[in-house]
1. Among the residues of the range 78-95 satisfying the criterion of being open to solvent by less than 70 Å² (accessible area, probe 1.4 Å) and touching a strand residue (DSSP E or B) at 6+ places or on another chain (Cβ under 8 Å), which is farthest from R13 (Cα to Cα)?
2. Of everything in the range 28-54, what is surrounded by fewer than 17 Cβ atoms within 10 Å (Cβ to Cβ) and within 15 Å of R87 (Cβ to Cβ)? Give them in sequence order.
3. If you check A106 against the conditions, is it open to solvent by 30 Å² or more (accessible area, probe 1.4 Å) and either at pLDDT 95 or above or among the acidic types (D, E) (or both)?
4. Kindly indicate whether any position in the range 43-56 is in contact with a Lys or Arg (Cβ under 6 Å, 6 or more places away or on another chain), aromatic (F, W, Y) and closer than 18 Å to A93 by Cα.
5. In the range 45-61, what count of residues is obtained for those that are under 12 Å from the mean Cα position of the chain (by Cα) and over 19 Å from R13 (Cβ atoms)?
6. Can you name the residue in the range 14-27 that is open to solvent by 60 Å² or more (accessible area, probe 1.4 Å) and touching a residue at least 40 places away in the same chain (Cβ under 8 Å) and, of all such residues, is farthest from the chain's Cα centre (by Cα)?
7. Listed residues D64, D32; which is farther than 16 Å from F94 by Cβ, acidic (D, E) and touching a strand residue (DSSP E or B) at 6+ places or on another chain (Cβ under 9 Å)?
8. Within the range 55-77, take every residue that is under 17 Å from E19 (Cα atoms) and open to solvent by 60 Å² or more (accessible area, probe 1.4 Å) and give me the one that is modelled with the highest pLDDT.
Amino acid sequence: MALQHVVLFSFPRPLSADEEAEMRAMVASWPDQIGLMDKCRFGTDLTGARTRGYTQLLYTEFADAETLGRYQAHPVHQQFLAWIMERDCTPLAFDYHLDEGTVLMAE
């Protein structure tokens with residue numbers, strides 16, 4: 001069953017412009033380097049007014065939980081995880097199935 005994986009990222013200090021570009025480049029490489037997701041989006045909030053310190057959001061969709069697990073174990077994802085942990089990131093992740101109970105508006 002398809003599922004959505006959302007992650008918010010909070011860092012103890014603002015990332016430098018170079019770090020922001022590096023983070024974006026890492027995520028942008030995933031469709032080619034990992035290739036397991038059906039959708040991948042990454043962005044920053046427009047104002048930061050209501051984010052409680054979370055500065056970036058990653059949105060991905062996967063065919064099923066097994067595929068999500070393969071993505072999470074992939075070396076390219078593990079490298080990204082190490083990169084954010086080196087910067088003392090506090091990620092907040094949320095996964096749920098995409099089904100008739102959660103998809104309220106079809107695309």
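1. Here is the first cut: in the range 78-95, the ones open to solvent by less than 70 Å² (accessible area, probe 1.4 Å) are 80-84, 87, 89, 91, 93.
Those still in the list that are touching a strand residue (DSSP E or B) at 6+ places or on another chain (Cβ under 8 Å) too: 84, 89, 91, 93.
Values: I84: 12, C89: 9, P91: 14, A93: 20 Å.
In this case the residue turns out to be A93.
2. G53
3. Numbers: open to solvent by 30 Å² or more (accessible area, probe 1.4 Å): yes; either at pLDDT 95 or above or among the acidic types (D, E) (or both): no.
So A106 does not fit the description; no.
4. No, every residue in the range 43-56 fails to be in contact with a Lys or Arg (Cβ under 6 Å, 6 or more places away or on another chain), aromatic (F, W, Y) and closer than 18 Å to A93 by Cα.
5. 4
6. Per the criteria, the residue is P14.
7. D64
8. In this case the residue turns out to be L57.
The values are calculated or read from the model by the stated rules, or taken from the named source; none is laboratory data. None of the values given here were measured: they were computed from a predicted structure. A quick note on method: Cβ atoms are made from the backbone with ideal geometry, for glycine too, and the neighbour counts reach across all protein chains shown. Note: accessible area is taken over every heavy atom of the protein model, side chains too, but ligands, DNA and RNA are not part of it. Shrake-Rupley method; radii C 1.70, N 1.55, O 1.52, S 1.80 Å.
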